[in-house]
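Only one structure is covered here, and it is reproduced in the block below.
The values are calculated or read from the model by the stated rules, or taken from the named source; none is laboratory data. Keep in mind that this is a model prediction, so the values were computed, not measured. All Cβ positions, glycine included, derive from the backbone under ideal geometry; neighbour counts span all protein chains shown.
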Amino acid sequence: MSGQKKNQKNILSKLNIEKLNPMQEEAKLAIQSADNTILLSPTGTGKTLAFMLPIIADLDPDCEFVQVLILVPSRELALQIEQVTRNMGTGYKCNAFYGGRNFSKDRVDLNRPPAILIATPGRVADHMRRETFYTHKIKTLVLDEFDKSLEVGFEKDMQDILSFLTKTEKKILTSATYRVRIPEFLTFKNPISVNYLKDEIPELDIKTILSPEKDKLETLVKALSHIGNQPGIIFCNFKESIQRVSDFLTEKGIDHGTFYGGMEQIDRERVLIKFRNGTHKLIVATDLAARGLDIPELKFILHYHLPLRFQEFTHRNGRTARMHSEGTAYILKWADEEYPEFIEPTEIEELIDAPLPTKPGWETLFISGGRKDKISKGDIAGLFFKQGKLDKEQLGIIELKIDCAFVAVRADKVEAVIEAVNNTKLKNKKVRVTLI
């Protein structure tokens, strides 16, 4: 492990952040001074950086064991926190463990234990029962979106994990909702609460779109045309409904991705990558996408199905109007359908006739080499500029992973770029470049 600690100024510079927001400043001070902290703040306000800065400042660079355990309810959130932590460039090793990942990969990572382990409760509880890593140096426990972990059935695993953590000195709980229940097994005494939910979604505009028919597909298409070429999420209550909606949008030529629990993990990750880099502007999703995902620049969400509970309504709406930017939540409702009791009737949005949304002008390329091959974003950009003959405006977002990378390229340049750079060398590795 690197013995060099990066200070906050260096970390923020690495992340291209000038200064922390008020929530992050307050959370950092609370975590530094208290054994137990509750951090309540809307999705998208930077909670990960808020708790990672004081945690990293307190790490022992000479310790060769896991020092921090971060429990999360989903694979996507684990990977997101892992990416943020690595982007901080601290020199400390971090790894994400989650269900569906090959257990042998976990064992390889544990040959040199990470200072920071990010994991879903089921996976890390399994490791602890098998005694695959030393837990007595874990001084800090973070339960990120902990109420969601309880909702999805991780309570028994979390209880077991707490029984293994005998040396924990600091606990941090985070949530994006008021309705939190702290379970007794946490022994959470005299916590400091940092609550920024009072300012939740101040710029959010909620409107209702009425469908004259019970089958709302045609109205959905009219609504998307009315909204225009804006990035957004269409929420459905059931994954079976997503297929029907997706098929109809495909039939109408409206480009989109889908995101739900029955998908393979690699497919879910690629949908989010395509959304972030502009290959997709729309995602049709279940409530799995309502929390914990890093999706910037989201201008609207649309409730294709009315949510079943207040929590789902809040978390779906929290995907837009983040960090005080403007956003709109649309409720698509059959004219004869009643609002749920937790939703107040809203302004009716009158749809105007407009062209169908246009296909985004980007495609995403996969590169079969990544960080472990000593490949950097600069190396990839250099290859695409020099050998691929792209101009700066023709190369989009580059996402670098451990063993691969994803690159957004203007759609009209994709074929020529693949022909030019496929099966060429990046650093010392011959890489495949393919369209996904």
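Odds and ends about this structure:
- Helices (runs of 4 or more DSSP H) lying entirely in segment 1-111 (those with 1 or more residues that are among the hydrophobic types (A, V, I, L, M, F, W, C), within 26 Å of K189 (Cβ to Cβ) and out of contact with any Ser or Thr (no Cβ under 9 Å at 6 or more places or on another chain)): 22-33, 47-57
- Residue match in segment 76-90 (condition: surrounded by 17 or more Cβ atoms within 10 Å (Cβ to Cβ) and more than 18 Å from the chain's Cα centre (by Cα)): yes
- Selection within segment 380-400 - farther than 18 Å from P360 by Cβ and surrounded by fewer than 20 Cβ atoms within 10 Å (Cβ to Cβ): A381, G382, F385, K386, Q387, K389, D391, K392
- Residue count for segment 124-148, restricted to those that are part of a loop (DSSP other than H, G, I, E, B), within 27 Å of the chain's Cα centre (by Cα) and of a type in the set (K, R): 1.
- Residue list for segment 156-165, filter: assigned to a helix (DSSP H, G or I) and surrounded by 14 or more Cβ atoms within 10 Å (Cβ to Cβ): D157, M158, Q159, D160, I161, L162, F164
- From I266, I192, I182, I233, residue being buried (at least 19 other Cβ atoms within 10 Å of the Cβ) and either more than 25 Å from L356 (Cβ to Cβ) or not assigned by TED's automatic domain parsing to the domain that holds T166 (or both): I233
- Check on K207, more than 30 Å from D106 (Cβ to Cβ) and either in a helix (DSSP H, G or I) or of a type in the set (V, I, T) (or both): no
- Residue in segment 344-361 that is touching a strand residue (DSSP E or B) at 6+ places or on another chain (Cβ under 7 Å), in a loop (DSSP other than H, G, I, E, B), surrounded by 14 or more Cβ atoms within 10 Å (Cβ to Cβ) and without any contact (Cβ under 8 Å) to a residue 40 or more places away in the chain present: no
- Residue in segment 31-41 that is in contact (Cβ under 8 Å) with a residue 12 or more places away in the chain and in contact with a His (Cβ under 8 Å, 6 or more places away or on another chain) present: no
- Close contacts from segment 186-198, counting a first residue that is under 10 Å from A27 (Cβ atoms) and a second that is among the hydroxyl-bearing types (S, T, Y), with Cβ to Cβ under 8 Å and a gap of 6+ residues or different chains, come to I192/S33; I192/T37; V194/T37; V194/S41; Y196/S41; Y196/T45.
- Condition met for I375 (touching a strand residue (DSSP E or B) at 6+ places or on another chain (Cβ under 6 Å) and closer than 30 Å to T250 by Cβ): no
- Looking only at segment 305-334, residues that are at pLDDT 90 or above, in a loop (DSSP other than H, G, I, E, B) and aliphatic (A, V, I, L, M) come to 0 in all.
- Which listed residue, of K427, K392, K386, K372, is charged (D, E, K, R) and touching a helix residue (DSSP H, G or I) at 6+ places or on another chain (Cβ under 7 Å): K427
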